[in-house]
Amino acid sequence: MTNQATKKAIMEILCSTNRWPIMKMGIADLGCSSGPNALRVISEIVEAINATSSMLNRPAPKELMLYMNDLFTNDFNNIFASLPSFHKKLSQQKRNNNHDNGSNCFVSAVPGTFYGRLFPTKSLHFVHSSSSLHWLSQVNLLSYT
């Protein structure tokens with residue numbers, strides 16, 4: 001269910017911009033954790049971006065800035081240790097789906113609580129959170145726009 005919502009949101013983002021090619025796109029995963037599935041969501045988002053760009057017959061964004069956020073106590077080293085297989089999987093997806101112009105992905109850790117501001121103004125295009133926003137009583141989306 002969330003995969004369809006992600007694809008729909010990516011479609012809306014890519015269709016709403018009038019600047020092509022998109023040079024850089026910022027994506028954040030709030031509450032990413034550090035287990036084996038920490039990069040799974042980001043991988044699905046990247047694939048949705050590449051597939052949507054291909055479907056629109058437009059080049060994919062040149063660079064994807066992928067921000068992994070969790071609390072300071074998260075083991076971000078575990079995420080970084082899995083990056084080689086993540087990049088290998090993305091390369092395989094590009095070859096399998098003929099995304100010749102796929103994006104370059106740059107993954108960064110952003111430790112901290114999302115109760116405060118984590119990102120600069122206008123640095124994010126897409127924010128994902130599968131299990132962390134239920135901790136908030138009110139979301140201030142203006143801090144991410």
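The values are calculated or read from the model by the stated rules, or taken from the named source; none is laboratory data. As the structure is a prediction and not an experimental result, all values here were calculated from the model. Note that we place each Cβ from the backbone using ideal geometry, even for glycine, and neighbour counts take in every protein chain shown.
Output the qualifying pairs, or none if there are none: Cβ atoms under 6 angstrom, residues six or more apart or on different chains, first residue in the range 19-41 and over 16 Å from V110 (Cβ atoms) and assigned to a loop (DSSP other than H, G, I, E, B), second residue at pLDDT 80 or above and among the basic types (K, R).
Short answer, once both residue conditions are applied: W20/R58; M23/K62.
Across the range 16-66, what is the total count of residues that are surrounded by fewer than 16 Cβ atoms within 10 Å (Cβ to Cβ) and in contact with a Leu (Cβ under 7 Å, 6 or more places away or on another chain)?
Number satisfying all stated conditions: 1.
Given the condition over 14 Å from H125 (Cβ atoms), in contact with a Ser or Thr (Cβ under 9 Å, 6 or more places away or on another chain) and among the charged types (D, E, K, R), answer yes or no: does some residue in the range 68-75 qualify?
yes
Report whether or not D29 is under 18 Å from A9 (Cβ atoms), of a type in the set (D, E, K, R), at pLDDT 90 or above and touching a strand residue (DSSP E or B) at 6+ places or on another chain (Cβ under 9 Å).
yes
In the range 67-100, how many are hydrophobic (A, V, I, L, M, F, W, C), surrounded by 13 or more Cβ atoms within 10 Å (Cβ to Cβ) and not in a helix (DSSP H, G or I)?
Number satisfying all stated conditions: 1.
May I ask you to list the residues in the range 88-105 that are touching a helix residue (DSSP H, G or I) at 6+ places or on another chain (Cβ under 8 Å) and at pLDDT below 90?
Result: K89, L90, Q93, K94, N97, N98, H99, D100, N101, G102, S103.
Which is part of a loop (DSSP other than H, G, I, E, B) and either modelled with pLDDT of 80 or more or in contact with a Phe, Trp or Tyr (Cβ under 7 Å, 6 or more places away or on another chain) (or both), of S123, S131, S108?
Testing whether each residue is part of a loop (DSSP other than H, G, I, E, B) and either modelled with pLDDT of 80 or more or in contact with a Phe, Trp or Tyr (Cβ under 7 Å, 6 or more places away or on another chain) (or both) leaves just S123.
Show the residue pairs that are 6+ apart or on different chains and have beta-carbon atoms under 6 Å apart, the first residue being within the range 49-66 and more than 11 Å from P21 (Cα to Cα), the second being of a type in the set (V, I, T) and part of a strand (DSSP E or B).
What qualifies is L66/I27; L66/V107.
For the range 46-55, indicate whether the set of residues that are in contact with a helix residue (DSSP H, G or I) (Cβ under 8 Å, 6 or more places away or on another chain), part of a loop (DSSP other than H, G, I, E, B) and at pLDDT below 90 is non-empty.
no
Please state which one of G26, G35, G112, G116 is on the phi > 0 side of the Ramachandran plot and not aliphatic (A, V, I, L, M).
Selected residue: G112, the only one of G26, G35, G112, G116 that is on the phi > 0 side of the Ramachandran plot and not aliphatic (A, V, I, L, M).
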